[in-house]
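For reference, the structure discussed in these notes is given below.
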Amino acid sequence: MSPPTADWIQLHDRFYRKQEIYTMLWKQVDLSKYMIAAAPFGGPLALVRDDRKVLLLQKQQPIKPSIYLYTSSGKLMETISWDKGHIVGMGWTETEQLLCVLEDGTVRMYNILGEYTQFSLGKEAKDNRVIDVQFWGTGLVALTGSFQLIAITNFDEPRPLFLADPNINEPPHSWTVIPPKFTLSRHVEVLIAHNSTILVVDATEARDERLQQGPFSKMSISPDGKYLALFTSDGKLWVVSTDFQKNLSEFATRSQVPPQQLVWCGTDSVVLYWDKIVLMVGPYGDWIKYTYDDAIFLVPEIDGVRVISSDKCEFLQKVPDATENIFKIGSTAPAAMLYDALDHFEKKSPKADENIRSIRLELSDAVEACIEAAGHEISHQYQRSLLKAASFGKSFLEIHNADSFVEMCKILRVLNAVRYYEIGIPMTYTQYQRLSPEALIDRLISRHQYLLAIRICEYLKMRTDRILIHWACSKIKKSNDDEDTICRMVVEKLANKPGLSYSEIAMTAHKAGQSKLATMLLDYEPRAGDQVPLLMSMQEDELALVKAIESGDTDLVYHVILHLKRKLQLGDFFRIINNKPLACNLLESYCKQQDPELLKDFYYQDDRRVDSANLTLMESFRQKDSTERINKIKAALRLYQDDKEHTFEAKAIEDSIKLLQAQVQLEKDYSQPFSGLSISSTVYKLITINQSNRASKIRGDFKMPDKRFWWIKLRALVEIRDWDGVATLAKSKKSPIGYEPFVEECVKAMQFREAAKYILKCDAHLRAGLFLKIEAYQEAGEQAFLQKDLDTLREIRDKCPNAVIQGQIDGYISQLASSR
Amino acid sequence: MSTSTAAAVAAASSPAQPTGAHLGHTSLNIDSLRDLARKELVNVLDSDHGVEKIYHLQPGPLETDCKNLIYICRPQVNYMKYIAEHIHTHTKDSRSGSYTYSLFFVPRRTALCEKVLEDEGVFGEITKGEYHLDLIPLEDDVLSLEWDSTFKELYLEQDTTSIYYAAKALMRLQGIYGLFPRILGKGDYSKALCDMMLRMRREMAVDDLDASQTMQLSQNIDSLIIIDRSVDMVTPLCTQLTYEGLIDEIFHIKNSFVEVDASLASAASAPPGGAGSGSGTQTAAAAPGKKKKVPLNGGDKLFDELRDLNFAVVGGLLNKVAKRINADYEERHNAKTVPQIRQFIVKMGGLAAEHQSLRLHTALAEEIMNYTMTDDFNRILEVQQNVVAGIATNKEPEYIEEMINKQAPLVQVLRLLCLYSLVNSGIKPKQFEFFKREILETYGFEHIQTLENLHRLGMLTKQMTTKNTYGLVRRSLSLIVDEVNEHAPNDISYVYSGYAPLSVRLVQCVVQRGKDNKPGSGPSGKGSGIAGGNGWKGFEDVLRMLPGRTFDETQRVDDGQPRPSKRMNGQPRVSLVFFLGGCTFTEISATRFLASQEGGQRDFVICTTQILNGNTLVDSLVQKVPDLHASA
């Protein structure tokens, strides 16, 4: 067993190591002849012949190019035969879908099994061709022949978005993108090397950073988006912060030729690749050089670089701190002491005890450090010995929470399983932490590694539903068996998973043209709501609606209703809706807001006359022209007249027509607006414009009750302060509303003198209170005395400001009190 | 690089009100609910963080310098139309350049809205997302969905969307606090809600088997009582007589904020708990006529003391508090030594806040007083109390007629008239026709529709039978209590000065039964747990007279045994009361009063679809017509 430090190389004050992970399974692949795209997190490689490079035509090679998908261990997963035009660029999404961008702006998105969907970058891309493209996990930016930038920021709903015009007229020396999650604005930014400077372009503007150090022939953003590595034409490597505020390092490579690849290794060193030469440059200008026999390809990861060569896959990374502390030669860190102690223990040397004693206080930390270091090891052997050391140290501790130990053991088991060369996902502990187990499971599913995925899920106590559903779907797609057999097979496997959703599986069957199978499977779906989409696409319209109603989710009901409305003839549509009250109610309330014409049809076919009538009536209120308005009202009237139950409404509507006609006349006569007013308001308004006779006429026409008329007249006269008018009204005959309102309206208008005129006409027991309101204390007192109302008298006395009157009231009070 | 972002928020709810400091003090930890909502809001905004401006979503074009617009609104058709209008004006105006639009639906995106966006031709322009905010904690003991239109939607249009949302929200509560061991309820829609919850629980087993298996019966919530608004339409029509109720009647409290004259509010320019920054009203100067939003919640200690009291005693209490604060200030003269002075200074911060709150509430109380002193108010109140108490004279219909003749606001008239109709099982045919005619001729013929709406809801009907169900209910549940001591109330009827809200009385029947079978006669004995209790047993006759079904469901965990929830020592049991279709502030106060009678043995948490009062309820049913002259 070689010492762990054998492959370490010192770069200034830190160590780097390059470990071989796989011997490639592929045979004789000359990487220099291919255009390559590799997915991060130990993801797959996509290779397609680079049609700009000359290739010796070989016998076994087909003329038509293919895209080859390999695992990181060089195992061929899929061959996609390529029949379209020139591929401008390839990249991987976060969910391991391969993107191929074509010259004409078409983007194809392949899953690992070669199934694809496609979308276009739009007209500009088509007309001016795409000349280059850059990717990040959730989006891409394409550069067109007219030097415009088009971004896609969401592959689920791809919508081409133009970025600001960078205003350049020659291809950039190099360019790159800063993914949205790293920018201040949370929108993608593009860096373009133009002349000797860099342009920063986003959706709204292109800003010149006014640099002089260019032209920059290569650039690369660090994995955390904070730094930018640039390669200048005079062979200098320059690292700056992405806001160009901080100058971090400069390094002269003495190479006039720009490197083929410039990538970051973690966040503190940069790796450059020229033909067969790899140069790693640290932040303090130190460097390491590696040479290769063949062409290689560098895959940047968040914590290192994967180096793919024709015969191996290696991982180059900074040695993690925990590992360094333990294995560095001469290290006296507690964890190193612990590791050493285990060694002595196994050799039965008493030094073991000495070691443990010396780190007694830090033992707990040492244990944790060993656990962490184990996580960073690729070699099973070192994983084991580090965990053993941790476990050894643990036994000296009285209280120690073993969770992290157990957790790490689990993670390592999972990682070792996926790193196995047949699976070929060389994921590090750091990457696993970043990616999450769920995402790892998804990757296994998309590779159809169902068994491993299920095992991992069960091991980590995660839900296996997704895996089973995916399995069932692909089974259905691939199987040639008859529908009953497939159904039985699927149901058997899924039987002991009571909560599993069958709708997606059924949907797959339906799409594969196996409708019978779909129906059979759908019966197993426990949720009414989830059956709906499939039932709709299976043309089971009525059943879909029934199920939607059953689910209680009104929006789902709307979903079906709107779908049916689009699809069916009106008659059929109503026939399905009619006997379902909730569907009817929802349709009604939708129509009221969005489609009144449909509502009319709906009411008509269901013979809902009152509703039809009211709808028509309400429409009339939106008609500005009075003739139109009257026509509408008449239509409503006809509908009401059909119904014997609604004679009252019919009569009212007749009146409303009469009123409107009268109002039209009034508007002509007085050139003032009247329409829209009610009968009472019309009368009121006529009185306020001194047209009492006209008011009386309207009153007569509509047989307005006396009481109401008096109230209206009184209030209208008070409003125009026609006190004589009020007096005349009061005298005209015995008031049907009494005289109290006269007093009160005058009081409200602050006309106490006017009010006083009517108090004596009111009921005797009210008079005192009314006088009090107009601050006539003496009169109030007299009235209260007459009524023998002691309480009111006291109240008056309290309020009265005049001492003389107070005395008088005191007199009344004592008189009354004595007479009791 | 500043790519500016603006958010347009529909006024339906303002979830990010920084007024949550008052929450989190009861046995049910509402905090967890709030944190969930808050975290998600950050997620919503973080996709484009750095919001520069906030606009209220309104009809008409949106003029802004920001190029990234985030809309946050309810999935309602009218909002979609506003947004479409914004986009159309932006695209027409070539100068404005390109905008990006994001739309977050609260609580979820709907097919309906997407269809409208499609019809308007803007579907493709917008990135859509969801913000799953359902129950909003207004107080420690009040959670509301804040769906303002629920009443009309549910009862008039019979659109059951709100039941679905309510069920979802309750499921979420169960997810946080555990299964409710018992669900009781009255009313057909209550039953529908209960059924939907039970079904969702079954389906949840499908979504997440582990979660449903591990879901335990709630530790402290022992029951959910659902009251359907249609069971008790009388209560919201009555004038609320508590302090908070009257503020609502007069100023209308919206999302726990009240809009008052700036001059009134200036007394409390920085109310405790902080004013909503979302509305931007903070800057509004106290110019006359300007309106200002003031938060009303339990963070304001004084308000917390006053809110549930009958208004009659508020004046005296304010007076007392004023005297105390004054005395506290005077203490400064006694502070002689440096430590004493320091102590006083520390105390002074609290005093200033208290003082400010005192000023606000004195001003509010004064405004309310002015209103309650008017003849009109008192006559309406008298009529209303006579009607509810079943004192039948000619005066009540006569007064309603007079109100119409005086062209009093239609909502006020209808409130009384509906009350009159509901209590008397309808209005005598001749009178009924008379009132309908009076209303149409005085307020306009468009109200044919208004009357039709009220008729459909059974709020304004022709008397068909002389049997007076309401009278029977009133008697058997002692809804009318003659002797009310507002200062030391002994029954929930204090909130309406003598009328006990039926809805809360029904809740009382469940929690206080077994004591003397006659609620309303004051506190007595400690209630036993509801989970194993008798529910509404003994009140079947009354319940049968009320509309809708009665139900009583027990939720079990998988071992099949309904276990009485183990109670942590000293922790009171909690009953969740869900008012489907909305509740009033008085009902909240009355429910709190029930809790106070339980001597710390039981707490209530009130959930509702929205908070309403007679005005908002009736107004939602009144037919509106465009004013032709205004637009001409």
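The values are calculated or read from the model by the stated rules, or taken from the named source; none is laboratory data. This is a predicted model, so every value here is computed, not measured. Reconstructed Cβ throughout: ideal geometry from the backbone, glycine too, with neighbour counts over all protein chains shown.
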Checklist entry - What are the pairs, 6+ residues apart or on separate chains, where a residue within region A:51-80 that is on the phi > 0 side of the Ramachandran plot has its Cβ under 8 Å from a residue that is modelled with pLDDT under 85? => result A:G74/A:V29
Next on the checklist: Just the residues that are at pLDDT 90 or above and either more than 23 Å from the chain's Cα centre (by Cα) or not in a strand (DSSP E or B) (or both), please, taken from region B:554-589.
Outcome noted: B:G581, B:G582, B:T584, B:F585, B:T586, B:E587, B:I588, B:S589
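Of the residues in region A:342-353, how many are loosely packed, with under 13 Cβ neighbours inside 10 Å and in a helix (DSSP H, G or I)? Step through it out loud before you land on a result.
First, pick out the residues of region A:342-353 that are loosely packed, with under 13 Cβ neighbours inside 10 Å: A:346-348, A:350.
Going one step further and asking which of them are in a helix (DSSP H, G or I), we end up with A:346.
Selection size over region A:342-353: 1.
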Item to check | region A:513-541, residues that are part of a helix (DSSP H, G or I), of a type in the set (D, E, K, R) and either closer than 24 Å to A:K600 by Cβ or within 14 Å of chain B (Cβ to nearest Cβ) (or both) | outcome: A:D530, A:D541
Item to check | Failed condition for B:L28, given (1) in contact with a Leu (Cβ under 9 Å, 6 or more places away or on another chain); (2) at pLDDT 65 or above; (3) under 30 Å from B:F303 (Cα atoms) | outcome: (2)
Checklist entry - So which residues in region A:646-700 are within 11 Å of another protein chain (Cβ to nearest Cβ), of a type in the set (D, E, K, R) and without any contact (Cβ under 8 Å) to a residue 40 or more places away in the chain? => result A:E649, A:K651, A:E654, A:E667, A:R699
Checklist entry - Counting only residues that are in contact (Cβ under 8 Å) with a residue 24 or more places away in the chain and farther than 18 Å from A:V281 by Cβ, how many does region A:312-351 have? => result 22
Checklist entry - Is region B:343-353 home to any residue that is crowded, with 17+ Cβ neighbours inside 10 Å, among the aromatic types (F, W, Y) and out of contact with any strand residue (DSSP E or B) (no Cβ under 9 Å at 6 or more places or on another chain)? => result yes
Next on the checklist: Please count how many residues of region A:567-581 are within 23 Å of B:Q76 (Cβ to Cβ) and crowded, with 18+ Cβ neighbours inside 10 Å.
Outcome noted: 1
Checklist entry - Within region A:3-50, which residues are within 35 Å of the chain's Cα centre (by Cα) and without any contact (Cβ under 8 Å) to a residue 24 or more places away in the chain? => result A:L47
Next on the checklist: Would you confirm whether or not region B:148-157 contains a residue that is of a type in the set (V, I, T) and more than 14 Å from chain A (Cβ to nearest Cβ)?
Outcome noted: no
Checklist entry - Under the condition of being in a loop (DSSP other than H, G, I, E, B) and crowded, with 23+ Cβ neighbours inside 10 Å, which residue from region B:160-207 is farthest from the other protein chains (Cβ to nearest Cβ)? => result B:P181
Item to check | Some residue of region A:124-139 being away from chain B (no Cβ under 14 Å), assigned to a strand (DSSP E or B) and closer than 22 Å to B:T127 by Cα | outcome: yes
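Restricting the search to region A:174-195, which residues are touching a helix residue (DSSP H, G or I) at 6+ places or on another chain (Cβ under 9 Å) and either buried (at least 18 other Cβ atoms within 10 Å of the Cβ) or hydrophobic (A, V, I, L, M, F, W, C) (or both)? Working first, answer last.
Filtering region A:174-195 down to residues touching a helix residue (DSSP H, G or I) at 6+ places or on another chain (Cβ under 9 Å) leaves A:186-189.
Of everything in region A:174-195, those that are touching a helix residue (DSSP H, G or I) at 6+ places or on another chain (Cβ under 9 Å) and either buried (at least 18 other Cβ atoms within 10 Å of the Cβ) or hydrophobic (A, V, I, L, M, F, W, C) (or both) turn out to be A:H187, A:V188, A:E189.
Please return the ranges of strands (runs of 3 or more DSSP E) entirely within region A:196-311 where 2 or more residues are surrounded by fewer than 17 Cβ atoms within 10 Å (Cβ to Cβ) and free of Cβ contacts under 8 Å to residues at least 60 places away in the same chain.
Details: elements: A:197-201, A:206-208, A:216-221, A:227-232, A:236-241, A:247-252, A:261-265, A:269-274, A:277-281, A:287-291, A:296-301, A:304-309.
Output list reads A:206-208, A:236-241, A:247-252, A:287-291.
Scan region A:582-593 and tell me whether some residue there is basic (K, R) and either within 12 Å of chain B (Cβ to nearest Cβ) or crowded, with 19+ Cβ neighbours inside 10 Å (or both).
Initial filter on region A:582-593 (basic (K, R)): A:592.
Remaining after also requiring either within 12 Å of chain B (Cβ to nearest Cβ) or crowded, with 19+ Cβ neighbours inside 10 Å (or both): A:592.
Yes, region A:582-593 has at least one match.
Considering only region B:438-460, state which residues are β-branched (V, I, T) and within 10 Å of chain A (Cβ to nearest Cβ). Spell out how you get there, then give the answer.
The first filter runs over region B:438-460 and keeps only residues β-branched (V, I, T), leaving B:439, B:442, B:448, B:450.
B:I439, B:T442, B:I448 - these are the residues of region B:438-460 that are β-branched (V, I, T) and within 10 Å of chain A (Cβ to nearest Cβ).
Every residue, every condition in (1) within 27 Å of A:S589 (Cα to Cα); (2) of a type outside the set (K, R); (3) touching a strand residue (DSSP E or B) at 6+ places or on another chain (Cβ under 6 Å), yes or no:
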site	(1), (2), (3)
B:M80	yes, yes, no
B:T89	no, yes, no
B:D93	no, yes, no
B:L103	yes, yes, yes
B:T110	yes, yes, no
B:V116	yes, yes, no
Checklist entry - Here are some residues: A:L543, A:L556. Which one is at pLDDT below 90 and either over 23 Å from A:L599 (Cβ atoms) or buried (at least 21 other Cβ atoms within 10 Å of the Cβ) (or both)? => result A:L543
Checklist outcome for this item: Across region B:96-119, the tally of residues that are in contact with a Ser or Thr (Cβ under 9 Å, 6 or more places away or on another chain), more than 10 Å from every other protein chain (Cβ to nearest Cβ) and closer than 16 Å to A:D553 by Cβ stands at 0
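Looking at A:I679, A:I737, which is the one that is out of contact with any Lys or Arg (no Cβ under 6 Å at 6 or more places or on another chain) and either at pLDDT 90 or above or closer than 30 Å to A:L760 by Cβ (or both)?
On the way: A:I737 fails: out of contact with any Lys or Arg (no Cβ under 6 Å at 6 or more places or on another chain).
That would be A:I679, the only listed residue that is out of contact with any Lys or Arg (no Cβ under 6 Å at 6 or more places or on another chain) and either at pLDDT 90 or above or closer than 30 Å to A:L760 by Cβ (or both).
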Checklist entry - Is region A:201-224 home to any residue that is more than 14 Å from chain B (Cβ to nearest Cβ) and of a type in the set (K, R)? => result yes
Checklist entry - Which condition number in (1) in a helix (DSSP H, G or I); (2) at pLDDT 90 or above; (3) within 52 Å of the chain's Cα centre (by Cα); (4) within 12 Å of chain B (Cβ to nearest Cβ) is the one that A:K634 fails? => result (4)
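Restricting to helices (runs of 4 or more DSSP H) lying wholly in region B:209-282: which have 1 or more residues that are at pLDDT 85 or above and of a type outside the set (S, T, Y)?
Working: elements: B:209-214, B:234-237, B:243-251, B:262-265.
The qualifying helices (runs of 4 or more DSSP H) are B:234-237, B:243-251.
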Checklist entry - Of these, A:R413, A:R419, A:R443, A:R455, which one is of a type outside the set (D, E) and touching a strand residue (DSSP E or B) at 6+ places or on another chain (Cβ under 8 Å)? => result A:R419
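So which of A:K493, A:K497 ends up being part of a helix (DSSP H, G or I) and among the basic types (K, R)?
Numbers: A:K497 fails: part of a helix (DSSP H, G or I).
Exactly one of A:K493, A:K497 is part of a helix (DSSP H, G or I) and among the basic types (K, R), namely A:K493.
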Checklist entry - Can you find a residue in region B:104-115 that is surrounded by fewer than 21 Cβ atoms within 10 Å (Cβ to Cβ), of a type outside the set (D, E, K, R), touching a residue at least 24 places away in the same chain (Cβ under 8 Å) and more than 21 Å from A:A548 (Cβ to Cβ)? => result no
